[in-house]
Amino acid sequence: MSSWTDTDIPDQSGRIAVVTGANTGLGYATARALAEHGATVVLACRNTDKAEEAAGRIRRLAPEAAIDITELDLGSLVSVRDAAAAIRARYDRIDLLINNAGVTGLTGTTADGFEIHWGINHLGHFALTGLLLDRIIAAPAGRIVTVSSIGHRFGRIDADDPVAPTGNAYAVSKLANLLFTYELDRRLTDTRAISVAAHPGGASTEIFRYSPAGFRLPNLAIARLFGRTPAMGALPTLRAATAPDVRGGEYYGPAGLFEIRGYPVRVESSARSHDVRRQARLWEVSEESTGVHYRF
């Protein structure tokens with residue numbers, strides 16, 4: 001289907017979906033669409049006040065929507081563990097985990113001392129996924145969808161020292177998202193769960209809102225000129241999360257020129273993202289960095 005839209009989402013009644021960064025932008029559009037199609041959606045957000053506002057907006061659009069809120073700061077491994085414990089206490093299975101939240105254009109480190117893009121975009125989601133893994137495997141057909149970016153093509157990760165990204169830190173973190181997705185899917189082979197990835201193409205969202213003005217303003221201008229709405233940008237994630245024909249290890253993005261615009265289709269990521277040695281080494285370092293060791 002070259003024109004897949006949210007009307008193609010199958011009935012999600014009875015399914016439990018966790019969406020990180022769900023109070024705004026792509027995460028909100030993803031959470032809203034899943035809730036409108038019957039899923040119970042957990043908004044996992046750093047700012048719970050904004051999450052409550054987002055939940056209210058969803059309920060106005062879908063009065064029967066079941067919405068839950070969990071505080072999650074991906075820049076703090078303590079917060080990640082607390083959020084995972086809260087979700088585990090409420091749900092004995094998770095059908096969908098959408099690793100959506102992300103930052104760009106920032107400087108500094110996380111609460112745990114990691115470069116901020118590396119710590120939030122990759123390590124935080126690596127830890128959260130591992131801590132929820134048994135709940136995902138317990139679902140009849142669990143899926144983990146990790147949101148990457150066209151920018152992953154500019155990322156470089158040293159296979160021998162992946163914990164010290166250099167160059168474009170955002171691009172490096174988005175490459176890590178794909179290396180993680182593919183390695184995770186390989187390790188899920190003997191389970192009913194799959195790991196897939198998606199990217200929104202060019203989308204006008206609030207991802208630049210905390211960036212320095214010199215970075216934020218030109219990027220916002222470009223996004224508003226050439227980007228599409230968050231609802232369109234969320235379609236690749238939604239297709240990866242819900243379409244019956246999706247297979248583990250696939251990657252979805254817009255069908256148009258340079259994958260910037262268009263309806264979601266299966267796309268190809270860079271050759272670097274398929275480097276099995278880098279995938280395995282990144283996995284080892286991520287476990288060491290987070291203290292989260294996956295159990296399959």
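In a simple Cβ point-charge model (Lys, Arg +1; Asp, Glu -1; nothing else charged), the chain has a dipole of about 500 debye relative to its Cα centre.
Relative contact order, whole percent, for the chain stands at 19, derived from Cα pairs under 8 Å and 6 or more residues apart. Span-like helix criteria (full DSSP H runs; alpha carbon extent of at least 15 Å along the helix axis; mean Kyte-Doolittle hydropathy of at least -0.5) are satisfied in the chain by 25-36, 77-90, 125-138, 169-187, 213-226. Highest mean first, the peptides 254-262, 229-237 sorted by other C-beta atoms within 10 Å per residue fall in the order 229-237, 254-262.
Which listed residue (Ile116, Ser273, Ser13) has the Cα farthest towards the positive end of the charge dipole for the stretch 11-289, taking +1 on Lys and Arg C-beta and -1 on Asp and Glu C-beta about the Cα centre? So the residue we want is Ser13. Sorted ascending by nearby beta carbons within 10 Å, beginning with the fewest, Tyr28, Tyr91 become Tyr91, Tyr28.
Descending by average beta-carbon neighbour count within 10 Å, the peptides 189-197, 271-279, 40-48 line up as 40-48, 189-197, 271-279, the highest first.
Quick note: the coordinates plus some simple rules give every number you see, no bench work behind them. Everything numeric in this text was worked out from a predicted model, so none of it was measured. Note that each Cβ is placed from the backbone with ideal geometry, even for glycine, and that neighbours are counted across all protein chains shown.
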